[in-house]
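Report on the structure given below.
The values are calculated or read from the model by the stated rules, or taken from the named source; none is laboratory data. All values derive from a computational prediction rather than experimental measurement. Positions of Cβ are generated from backbone atoms using ideal geometry, with glycine treated the same way; all protein chains shown enter the neighbour counts. These area figures cover heavy atoms from the full protein model, side chains too; ligands, DNA and RNA do not enter into them. Shrake-Rupley method; radii C 1.70, N 1.55, O 1.52, S 1.80 Å.
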Amino acid sequence: MKRRAFVAAGACLALSACASKFKTYDGPEVTRIVVMKERRQMYLLHHDQVLKSYRIGLGYAPGGHKLHEGDGRTPEGRYYIDRRNPNSAFHLSIGISYPNQRDVEVARGLGLDPGGDIFIHGRARKNRGKGPDWTAGCISVRDRDIEDIYAMVRDGTVIDILP
């Protein structure tokens with residue numbers, strides 16, 4: 001009886017390892033990310049070659065460039081991946097370097113806070129069924145997609161977010 005319990009426990013442990021959200025990637029380096037907001041598409045590129053493409057969701061007010069905290073817009077322009085959060089409330093997330101100096105100047109010129117904490121992240125269970133554009137300005141993808149993106153994209157990678 002003890003042997004069966006030991007074997008069953010080992011099998012459960014082996015299966016749980018297969019379900020890890022942390023994947024490995026040994027393909028070509030992702031040198032750039034391009035987000036096309038209007039098309040709701042994100043592309044991971046190795047130079048000019050598209051390695052992967054993903055359907056995305058945006059902020060709840062997706063039109064135009066993010067001007068300040070709370071406007072529900074996803075920023076537009078050139079940024080960099082600057083951090084990662086393995087314990088994200090949205091499954092996994094990688095940070096985008098918003099706001100840049102210009103974003104800060106524009107928001108302050110309006111007497112507003114530019115905000116921050118813009119990420120590419122998963123949906124997490126509680127956000128399923130909300131429709132495509134539900135974030136506060138982040139870029140959302142399916143949980144299984146952020147697992148691939150998290151493994152493929154390194155800090156310092158350029159991200160161009162286009163209208």
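Quick notes on this structure:
- Meets criteria (touching a Lys or Arg at 6+ places or on another chain (Cβ under 7 Å), open to solvent by 30 Å² or more (accessible area, probe 1.4 Å) and in contact (Cβ under 8 Å) with a residue 60 or more places away in the chain) for Asp133: no
- Within the range 48-60, the residues that satisfy the criterion of being part of a loop (DSSP other than H, G, I, E, B) and open to solvent by 50 Å² or more (accessible area, probe 1.4 Å) are Asp48, Tyr60.
- Per this entry, Phe90 is counted among residues that are touching a Ser or Thr at 6+ places or on another chain (Cβ under 8 Å), modelled with pLDDT under 95 and among the hydrophobic types (A, V, I, L, M, F, W, C).
- Arg78 being in contact with an Asp or Glu (Cβ under 8 Å, 6 or more places away or on another chain), part of a strand (DSSP E or B) and surrounded by 15 or more Cβ atoms within 10 Å (Cβ to Cβ): no
- Residue check, Arg154 assigned to a loop (DSSP other than H, G, I, E, B) and buried (at least 19 other Cβ atoms within 10 Å of the Cβ): no
- Residue count for the range 62-92 under the criterion of being of a type in the set (S, T, N, Q) and in contact (Cβ under 8 Å) with a residue 40 or more places away in the chain: the result is 1.
- Of all the listed residues (Gly95, Gly63), the sole one being within 20 Å of Val34 (Cα to Cα) and either part of a loop (DSSP other than H, G, I, E, B) or open to solvent by 70 Å² or more (accessible area, probe 1.4 Å) (or both) is Gly63.
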